Amino acid sequence: MPWLPILIAVPAVGALGVSLLPKGSDKLAKQLTLAVSLVVLALTIAMATQFSAGSKERFQFAQTYDWIPAFGVHFGVGVDGIALVLIALSVILVPIVVLASWHDTDASPDGHAEARPKRSTKTYFALILALEAMMIGVFAATDVFLFYVFFEAMLIPMYFMIGSYGGPQRSYAAVKFLLYSLFGGLLMLVAVIATYVFQAVPQGGEKSFLFTELIGRIQDPATQKWLFLGFFIAFAVKAPLVPFHTWLPDAAAQAPAGAAVLLVGVLDKVGTYGMLRFCLELFPDAAKFFTPLVLVLSVVGIVYGAIVAIGQTDMKRLIAYTSISHFGFIALGVFAMTSDGGAGATLYMVNHGFSTGALFLIVGMLIWRRGSQFISDYGGVQKIAPLLAGAFLIAGLSGLALPGLSSFVSEFLVLIGSYTVYPVYAIIATLGVILAAIYILWMYQRTMNGPTAESVKGMADLNIREKWVVAPLLVLIIGLGFYPKPLLDVINPAVKQTLSTVGVSDPAPKVPAAAEQKGAGQ
Amino acid sequence: MTSLLAAAPAAEIAQASGGVLGLSWLMIALPLAGAAILLVGGRRTNSFGHLLGTAMSLASFVVAVLAFFELLGRTAEQRRVGVELFDFIPAGQLDVKMGLLIDPLSISFALLITGVGSLIHIYSIGYMSHDPDRRRFFSYLNLFVAAMLLLVLADNYVGLYIGWEGVGLASYLLIGFWQFKPSAAVAAKKAFIVNRVGDFGLAIGIFTLFATFGTVAYGPIFEHADKASTGILTAVGLLLLLGACGKSAQLPLQSWLLDAMEGPTPVSALIHAATMVTAGVYLITRSNPIFDGAPTAQLAVAIVGAATLLAGAIIGCAKDDIKKALAGSTMSQIGYMMLAAGLGPAGYAIAIAHLITHGFFKAGMFLGAGSVMHAMNDDVNMRKYGGLRKVMPITFITFGLGYLAIIGFPGFAGYFTKDLIIEAAFGQEGVRGYLLGGAALLGAAITAFYMSRLMFMTFFGEKRWDKDAHPHESPPVMTWPLILLAIGSVGGGAFLVLGDRFIHFLEPVVGKPENHHGFNPVAPVGLITLVLVAAGVALAWVMYGRRPVPVEAPRGSFLTVFARRDLYGDAINESLLMRPGQWLTRFAVFFDNRGVDGLVNGLAAGVGGTSGRLRRLQTGFARSYALSMFFGAAIVAGALLLVGNL
Amino acid sequence: MTTHYLVLSALLFSIGAIGVLIRRNAIVVFMCVELMLNAANLALVAFARMHGNLDGQIIAFFVMVVAAAEVVVGLAIIVTIFRTRRSASVDDVNLLKY
Amino acid sequence: MGEQITFWVLAVVSVAAALGLVFNRKAVYSAIMLAVVMLSLAALYAVQDAPFLAVVQIIVYTGAVLMLFLFVLMLVGVDSSDSLVETIRGQRFLAAVVGLGFAVLLILGIGNVLVVGEPSLTAATQEAGGNVPALARLIFQRHVFAFEVTSALLITAALGAMVLAHRERTTPRPTQKDLARARFLGPQPTPLPGPGTYARHNAVDMPALLPDGSVSLLSVNPTLARHEVEGDTPATTPEAREAAVLLVAAEDREEPAAEAGEETRTAGEAEARAEADAEAPAAAARPEEETK
């Protein structure tokens, strides 16, 4: 069964269907979108049950069709553990986002600080589905060219979601987002084409864009370095790493909450996913050469993002800056090139999607009630909306990687994995843990604690729909915090495969105690 | 040291098979389930929430007691029992298997946590009876108990770390329980953040352990600790010490504990006196094989302990807030434990013994203070108390017993354990012994002074109550825990110390002390201690018992102000960390908006400006365009002529 | 001899181009464009003769057809513009600018 | 030799006509000049062994295209002429420089083309039996697809012209009742005086005389009157001159008919008025305009 093409096709067709609905059928559009996204989720779960973690194949469920034979371009899809968990992240987030965005296109209620007119509902939901198709496609692509196509095409729905449905400065934010991404994308396009041109074709082989065939074909060190930079800068803009980050706070702050979740939760992961998949495996020597640079960027991003987050006055911008800090962690894990760091970074991508997604959605609910993104407009919400505050706290604590919540496992793995090879960087990165506590708890204190502010009096607590939005995320956050094994079991072989392609191995401990422990245990 | 370490019984950890020990995970699971039910159940559980929470805590206590007896039933060598739970983090090299380690050390803590914890649960039923959020309070208490048990029962550093931050979370939630008070919210946040600084050290310590040993489990690490270099062990030891300082409010991370008194009093009793703050002592005792290989780190522990015991005691002398005075005392007492733990195998068991007796008497006193506050309309200012012994006899008696225990009145719990610590400190070689011992001795005197001051100001003297204060004795649900804790304060020390019962019990974990010779009631050090304690009490009597206490605090000497301001700890933090931090944050935000983003926007504006100017070329006159096209055509023609002769 | 035709065609073409550039009456501009096309045709016919095949003439033929079509549409556009703007000056149609 | 003479004569004629086309201020004259150029070119085609093209040139260009130009000229206003003031700074100078430069370059380039042997099309046309059959063969065989496409283009162009020139009526067509009502509501319910009444002769440009002997400005079609003035031909009668002057003065937005005023008056305004006359509803508005 061609699982992945179906997975891409279902939401794409759904998007078309939703956009073709007659005018005025807003409710139907929402229900149809939700149904399609749930179908996709069910299909993904069905696919995941057939995934075999121990398989020797590089990609499972692989399907390859010729697309442009003249240039060796294929419609090639397939997943390994890394791609699978990220696809799972996407398809889990989409129904939640759909449910959370139920009223996002309505006109703003009375008494809102910012008056928003009613906007086309079906277009918005069709865009979400279109985006879902592309998100699945980008993670499933096994052809570099196909990856690039999805990578760039994803911008389009997101551009409209920000530019048409966002806050007061939406068009500035949308254009900034688009220009930044296109800048990165352009560099990547050059690198993609150059990769095709400069590949060393083995005897009897053909030039190809297929990822598995490209591995090891770029041998010249200088070429590797240039191509690595081409890919890396695109991914660094996407991820985003400091100093390519300033589009994210604007985009995330202006985007509607649901779009912000998809943007930060999934779209940006394409950047770090790309680093892990393409930068490392296609250009291993260049990756090793540039590792110090990337590590500096990551560590600076971790600390800098956190410090700037502390100083924010706008909740959505604050969360965006925390994400910049978190992306630093992910990049650190990827470029530590240890099995722990890699597994941690991959797990971090998933967990960050859930925890930041939850934060954005809950903040979105707050903003929907009050109409302001500014922290100073809130205060004492816990007293009148305890559930909302509780959910906010759990999501926030996950953001600061509290043990027992999902982010902890990944952050711990990243740090421990990088500490074994780059202790100094890891120690500086660990400072981010302290700063995380400051930015999250300070925001929580200013919005939720203290005497109830005049402006939030009469604020409603979570309603049924919102509980259904928040509950799955919190369950995932807590569940994965205590039992991350199912994900790690899927991720580990893929990470090991990646690292063996790069040709690195974990450093051995100075006093190997673990081996003896296993021996003693038997 | 190392030779002794090799002899230390890092014995094989036997796996539990069946029995209560196999079910010991219930100790954690029960209160955790309680917390989950109460939090998820919401208002529906309001009616029985406090009962459920207490029941869960008691059930956990029962499991702990049963496990304890099962452990007692084994021979000393077999008293280290592992319980494998599940595969927690299976990654490449790091493979964390979640498991529990039931040994004399952890079971002692488990008993203390669940025992004192249950009493405080019961007490809180009365104390919080008027609070609309009582259910939430009990769910947080249960959460704390679960996290604290995980901290002490886990068989690896990651499990410990989870519990470590878990209790931090519970502490955060409980300090900020009355979150509508800004001071409480700020105190909660401060506690969490300062703790995170400590956690930073603990985390890096764990990373170093992993990088060195390739595992985070206690068993293999301790077994191979002697093979690692002293440098690494010292580094790990200092990092763990940083973690311990954060959690146990030791210098320089002490500042949060006094603010933490914003929480409800049972919380102060349970978390900020009896259990959580002692986690640092647990960490160091648990990691004894590492510290034994790192004398420098050990010395650092002892110095931190000695410094803190003095600092806490000095702070305790000047506070008029009854809870803050007790908090200073807690700092000081934990300083004693740290000092003892820093003394190596000679001190571990004593530290834990003092920790347990302290758990009893300090919890009792905090609950007593709570009872007093309950009676005085939640006023914490001791200057407005006075003469309460007559209206609150049970509180007075139980508090008094705790008081006698803490100042080390012969026969009471503190007498045994504290004297042992002082003695052990003097037992160190050379100047070090005199300095540490001297500090401990001085601390004992100051302790006597400030505790007596507290006693006299609260229970003796004339009434200085507010007009609307109508003190009364607390209900039985609150007094019974006081009585039970008072029994512990009276007999705990003798029970543990006499005959070296506890020291032998802990031997499988911390090793046998070198030249230990039992408790000697007439040792010279002990006698000097008694004299100093008596002097402290007498001084307090002169200053606060005989003379009337002014309701308004006098300005006081430099030293008083110094102590009242927490030894300028907050001021130092503020000027060294907070203000530069704020500046840094402001600068970073400015830099990000104007620098990084400004660069980008400037680039955009530059492009925009250039195109705005170039745009003017588009006059809209078709003839201008035609002219430029024609001009281009002419150039092309010219170029062709030049290049190829057309 | 044929070179003369080419020179003539170049002259006519340039004159037409100058006309396009300096005249403002849209119809006259159009006429100048026609003049340029005709000049090009002349060159094409001359080329056909030079090379001894009919391709140049064929192209000239097609140029004429296209020119006719262009005139039809162009004049219709001029009429429409005139109707709305009351002017046949190309300078008055300058809204499409910066 | 015959060809030489033909060429030189026609070359001079066509260049002169082309210059006339460019530099003549009146569009109608330009059109005539264009016709001259085209006819000359037709002759040159004929000389160059392209009889078919010569014929097509005359029929299509001189016949159809030029007629179309003239029609549109009439429609837009035959009297419209360019003002001589250049509005775009430097346009004329630059155009001249670039144009001449281009001409020089082109001549330099093209003049260098060397012809090998006697140019002749005989070989190409002989087989088919003449120029026209040879062309037909090429058009209908080798280039038949392009030919069909051009036919589609022509049809599209015709349709496009119709669509563009067609005007959708946005208001209901005024009925006779509407027109009558408008007329009686206006300032001039009576018919306008015809030209030439009481005047010396009754030509269309001769204004009628009022009982007091003054001219009636209403009686002459303004287009004709202005034509007199602008045509630089002296008005034949004092009355006509007076009528023209008065008429010009009556137009409120226009300068007095001085030399300078004529220079700056834009063609647009004059044509606007001409168009207003053509409008059906304007019938009622016209007297109002003229009484100002």
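When the protein assembly as shown is described by a simple charge dipole with +1 on each Lys and Arg Cβ and -1 on each Asp and Glu Cβ, the residue from C:Thr80, A:Ala460, B:Gln298 located farthest towards its positive end is B:Gln298. Note on A:Lys288: lysines with a C-alpha under 17 Å away, same-chain residues under 8 apart excluded, are A:Lys225, A:Lys496. Only protein atoms count toward the accessible area here, which uses a 1.4 Å probe; on segment B:64-108, the carbon and sulfur part of that area reaches 57 percent.
Each stretch of four or more DSSP H residues adds -39500 (n - 2.57); spread over every residue of chain A, this sum gives -23000 deg cm²/dmol at 222 nm.
Interface of A with B. Using a 1.4 Å probe and counting protein heavy atoms only, the two chains hide about 5500 Å² of accessible surface, both sides summed.
Summarising the amide proton neighbourhood of B:Gln618: residues at separation of 5 or more, or on other chains, whose placed amide H is nearer than 5 Å comprise C:Tyr98. Of all DSSP bridge pairs formed entirely within the protein assembly as shown, close to 90 percent run antiparallel. The Cβ shell under 9 Å around B:Ser183 holds other residues with a net charge of -1, Lys and Arg each +1, Asp and Glu each -1. Once the Cβ-Cβ distance of B:Ser229 and D:Glu148 is raised to the sixth power relative to R0 = 60 Å, the FRET efficiency obtained is 0.10. The modelled label-to-label distance between B:Leu527 and D:Ser120, using points 7 Å beyond Cα along the C-beta direction, is 14.9 nm. When you count the other C-beta atoms within 10 angstrom of each residue and take the mean per peptide, D:182-195, A:481-494, B:201-214 line up highest first as B:201-214, A:481-494, D:182-195.
Which is the longest run of chain A containing none of the GluC sites (Glu not before Pro) found in DSSP loop states (not H, G, I, E, B) with at most 13 other C-beta atoms within 10 Å?
Longest site-free region, per DSSP loop and neighbour criteria: A:207-522.
Solvent-accessible surface of protein heavy atoms, probed at 1.4 angstrom with all chains present, puts D:His166, A:His245 in the order D:His166, A:His245, largest first. Of all lysines in the structure, those lying under 27 Å Cα to Cα from A:Lys27, and not within fewer than 8 positions of it along the same chain, are A:Lys118, A:Lys122, A:Lys467.
Chains C and D together bury roughly 7100 Å² of accessible area, counting both sides, with a 1.4 Å probe on protein heavy atoms only. Note on the protein assembly as shown: with charges restricted to the Cβ of Lys and Arg (+1) and Asp and Glu (-1), its dipole about the Cα centre is near 3900 debye. Of the peptides B:328-335, C:67-74, the order by per-residue mean of other Cβ atoms within 10 Å, starting with the highest, comes out as B:328-335, C:67-74. For segment A:304-326, a reduction of at least 10 Å² in accessible area between the chain on its own and the assembled protein chains (probe 1.4 Å) is found at A:Tyr304, A:Ile307, A:Val308, A:Ile310, A:Gly311, A:Gln312, A:Arg317, A:Tyr321.
Based on protein heavy atoms only, the protein assembly as shown ends up with 38 Å² per residue of surface accessible to a 1.4 Å probe.
Using a 1.4 Å probe on protein heavy atoms, which residues of segment D:17-59 have at least 50 Å² less accessible area in the complex than alone? Residues shielded by partner chains are D:Leu21, D:Val22, D:Leu41, D:Tyr45, D:Gln48, D:Leu53. For B:Glu84, nonlocal amide neighbours, meaning residues 5 or more places apart or on other chains whose placed amide H falls under 5 Å from its own, are B:Ala16, B:Leu100. Shielding value for B:191-199 is 4, the average number of Cβ atoms from other chains within 10 Å of each residue's Cβ.
I'd like the distance between the alpha-carbon centres of segment B:222-288 and segment B:537-570, rounded to an integer number of Å. Cα centres, segment B:222-288 to segment B:537-570: 30 Å.
Close amide-amide hydrogen proximity is noted between B:Ala154 and B:Leu101, each under 5 Å apart and 5 or more residues distant or on a separate chain (H modeled in the peptide plane; Pro and chain starts excluded).
Electrostatic bookkeeping for B:Ala244 treats Lys and Arg as +1 and Asp and Glu as -1; over the other residues with beta carbon under 15 Å from its beta carbon, the sum is +1. For chain A, a crude dipole built from +1 on the beta carbon of Lys and Arg and -1 on the beta carbon of Asp and Glu, taken about the Cα centre, is about 740 debye to the nearest 20. Rounded to the nearest whole Hz, the Karplus-based 3J(HN,Hα) values (6.51 cos²θ - 1.76 cosθ + 1.60, θ = phi - 60°) of segment D:136-151 follow the sequence 4, 4, 5, 5, 8, 10, 6, 9, 5, 5, 4, 4, 4, 5, 5, 5, with x at glycine and proline.
3J(HN,Hα) along segment A:380-387: x, 5, 4, 5, 9, 9, x, 5 Hz, from the Karplus curve 6.51 cos²θ - 1.76 cosθ + 1.60 with θ = phi - 60°, whole Hz, x for Gly and Pro. Annotation for B:Leu442 and A:Arg465: the two label points, set 7 Å from Cα along the Cα-Cβ direction, are 6.8 nm apart.
Placing unit charges on the Cβ atoms of the charged side chains and taking the dipole of segment A:3-507 about its Cα centre, the candidate lying farthest along the positive direction among A:Ile156, A:Gly204, A:Gln224 is A:Ile156.
Of the accessible area of chain A, computed with a 1.4 Å probe over protein heavy atoms only, carbon and sulfur atoms account for 68 percent. Only the Cβ atoms of Lys and Arg (+1) and of Asp and Glu (-1) were treated as charged; on that basis the dipole of segment B:39-105 about its Cα centre amounts to roughly 360 debye. Applied to segment B:361-372, the Karplus parametrisation 6.51 cos²θ - 1.76 cosθ + 1.60 on θ = phi - 60° returns per-residue 3J(HN,Hα) values of 6, 6, 4, x, 5, 4, 5, x, 4, x, 4, 5 Hz, with x for Gly and Pro.
Taking 18 Å as the cut-off for C-alpha to C-alpha distance, list the pairs among B:Lys190/B:Lys324; A:Lys485/B:Lys247; A:Lys56/B:Lys97; A:Lys238/A:Lys269; A:Lys510/B:Lys97 that go past it. Can you show the working numbers first?
Details: B:Lys190/B:Lys324 16 Å; A:Lys485/B:Lys247 30 Å; A:Lys56/B:Lys97 26 Å; A:Lys238/A:Lys269 8 Å; A:Lys510/B:Lys97 21 Å.
In this structure, A:Lys485/B:Lys247; A:Lys56/B:Lys97; A:Lys510/B:Lys97 exceed 18 Å between Cα atoms.
Nonpolar atom fraction for segment B:343-473, defined as the carbon and sulfur part of the 1.4 Å probe accessible area, stands at 63 percent. Under 13 Å from a label point 7 Å along Cα→Cβ of A:Lys510: give me every residue in segment B:233-252 with its amide N that close. Within reach of a label on A:Lys510, which here means backbone N under 13 Å from a point 7 Å along Cα→Cβ, segment B:233-252 contributes B:233-237. When the Cα positions of B:Gly312, B:Leu150, B:His130 are compared along the charge dipole of chain B, B:His130 comes out farthest toward the positive end, with charges on each C-beta of Lys, Arg, Asp and Glu.
The values are calculated or read from the model by the stated rules, or taken from the named source; none is laboratory data. This is a predicted model, so every value here is computed, not measured. Methodologically, a virtual Cβ is constructed for each residue, glycine included, from the backbone with ideal geometry; neighbour enumeration extends over all protein chains shown. Keep in mind that these areas ignore ligands, DNA and RNA; they rest on the heavy atoms of the full protein, side chains included. Shrake-Rupley method; radii C 1.70, N 1.55, O 1.52, S 1.80 Å.
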